[in-house]
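Following: one structure in structure tokens, then a few remarks.
The values are calculated or read from the model by the stated rules, or taken from the named source; none is laboratory data. Here the structure is a predicted model, which is why all the values come from computation and not from measurement. Don't worry about glycine lacking a Cβ; one is built from the backbone with ideal geometry, like all the others, and counts go over all protein chains shown.
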Amino acid sequence: MSIEIRNVSKRFGDFQALRNVNLDIESGELVALLGPSGCGKTTLLRIIAGLETADTGNILFSGEDTTDVHVRERNVGFVFQHYALFRHMSVFENVAFGLRVKPRSLRPGESQIKQKVMDLLKLVQLDWLADRYPSQLSGGQRQRIALARALAVEPKVLLLDEPFGALDAKVRKELRRWLRRLHDELHVTSIFVTHDQEEALEVADRVVVINKGQIEQVGSPQDVWDHPASPFVYGFLGDVNLFHGRAHEGEVQVEGIRLQAPEHSAVQDSKALAYVRPHDLDISRFTPGASGIVATLTRAIVVGPIARLELEPTDSNPDNPGSGTIIEAQLPAQQFRDLGLHEGDTVVAQPRKARVFVEDWVSP
Ligand code: ATP
């Protein structure tokens, strides 16, 4: 089932939680709503579900307006971060619940319920736990049962709100892959909320980045990673160094180095921001005349195959209010060892790749 979100806004008192949100989700897509805490992700999910009403705008399921459709009739399955399975019911009964409470005319017979529940438990690979109670399950197992329970009523849409939020990092990773595989098998239109960019980029067909109640960017994981539409998206998706500089005649000068200006920046004299990921900095031992940012290596941490460095720029640039702040760099551990560097050494950092945003600049 496709979902269209049209001009949705929502206020709580004076607080604007969602501002004119528009989004089309295709049938069978797995979409992540990604953003920082409080940006409005859950509110949007609850509006889609019918648990919350929008102040303006509407939600269409397969082209049909859902405004007057009750939550129970929307054919939506939910999984929440702390999904309360019924404690007094076995795993089997938890999954069977949605089928047993159907109106008599739609309720399957006992043998069909049994078949269906066991099929679902096999699908989530937990059929061997059918007789256990929720208190006897791990957190990861509980979330898989919660998903089986949501799927039992054959929802047209699956909504997941931080489904793995309460689990430890290793289990989260396993469940992410598992969710992706399950989705590839079932193709239920699914929307999941997360504030974890790695989770969104790894699992979703498309990522919707939300900031302060507004959509900042929609795109495939590759798209948003390679071409962040705004400084916010760039900073939110991963570690980043921010340099201040000037754009002039199509060129950007940052910390005494030249970077390519974005195509649209024909601006004569503008403030520029350059974003450089730690792994996009080339590091070499300082030699006089070397081009790049001259800095002192203040800290080096080598963990497994990766060396993480902290650098302190040595000459402060009057154009750069951010200079003096720490620069983070990341390189393969072996390459770091080959450089023979020690803390206190002077190095040169040269951006291999940078994303430059040019702002309109008004001279003071
Ligand atoms: P988190 O990741 O922390 O859950 P979120 O992006 O899901 O955040 P929402 O739960 O959608 O954010 O909340 C968005 C904003 O709206 C928050 O500032 C929240 O405090 C506010 N808000 C949400 N529900 C209500 C409510 N019922 N009454 C008042 N304010 C609310």
For this session: Sort through 99, 121 and tell me the only one that's closer than 25 Å to residue 166 by Cβ and either in contact (Cβ under 8 Å) with a residue 24 or more places away in the chain or not assigned by TED's automatic domain parsing to the domain that holds residue 53 (or both).
Result: 121
For this session: Those residues that are closer than 19 Å to residue 195 by Cβ, among the aliphatic types (A, V, I, L, M) and away from the ligand (no atom under 13 Å from the Cβ), I need them from segment 159-185; list them, please.
Result: 167, 169, 171, 175, 179
Seminar exercise, completed: Residue hits (segment 1-27; among the aliphatic types (A, V, I, L, M), in contact with a Ser or Thr (Cβ under 6 Å, 6 or more places away or on another chain) and under 20 Å from residue 206 (Cβ atoms)) are 1, 18
For this session: Please work out if residue 45 is part of a helix (DSSP H, G or I) and either within 22 Å of residue 143 (Cα to Cα) or modelled with pLDDT under 90 (or both).
Result: yes
Problem set entry | segment 32-44, subset within 19 Å of residue 201 (Cα to Cα) and surrounded by fewer than 22 Cβ atoms within 10 Å (Cβ to Cβ), residue farthest from the ligand (Cβ to nearest atom) | 36
For this session: List every residue pair whose Cβ atoms lie under 6 Å apart, where the two residues are 6 or more positions apart in sequence or sit on different chains, the first residue falls within segment 43-55 and is closer than 19 Å to residue 195 by Cα, and the second residue, located anywhere, is among the charged types (D, E, K, R) and within 12 Å of the ligand (Cβ to nearest atom).
Result: 43/10; 45/161; 46/52
Seminar exercise, completed: Across (1) modelled with pLDDT of 95 or more; (2) away from the ligand (no atom under 12 Å from the Cβ), residue 79 clears everything bar (1)
Exercise. How many residues does segment 73-101 contain that are surrounded by 14 or more Cβ atoms within 10 Å (Cβ to Cβ) and over 12 Å from residue 150 (Cα atoms)?
Worked result: 7
Seminar exercise, completed: Exactly one of 182, 159 is within 18 Å of residue 148 (Cα to Cα) and touching a strand residue (DSSP E or B) at 6+ places or on another chain (Cβ under 8 Å), and that one is 159
Problem set entry | Options 344, 292, 324: the member that is crowded, with 16+ Cβ neighbours inside 10 Å, outside the structural domain of residue 229 (by TED's automatic domain parsing), at positive phi and at pLDDT below 95 | 292
For this session: Kindly establish whether residue 66 is away from the ligand (no atom under 16 Å from the Cβ) and either at pLDDT below 95 or closer than 24 Å to residue 180 by Cα (or both).
Result: yes
Exercise. Quick one: what pairs do we get from segment 284-295, first residue among the aromatic types (Phe, Trp, Tyr), second in a loop (DSSP other than H, G, I, E, B), C-beta under 8 Å, 6+ apart or different chains?
Worked result: 286/345
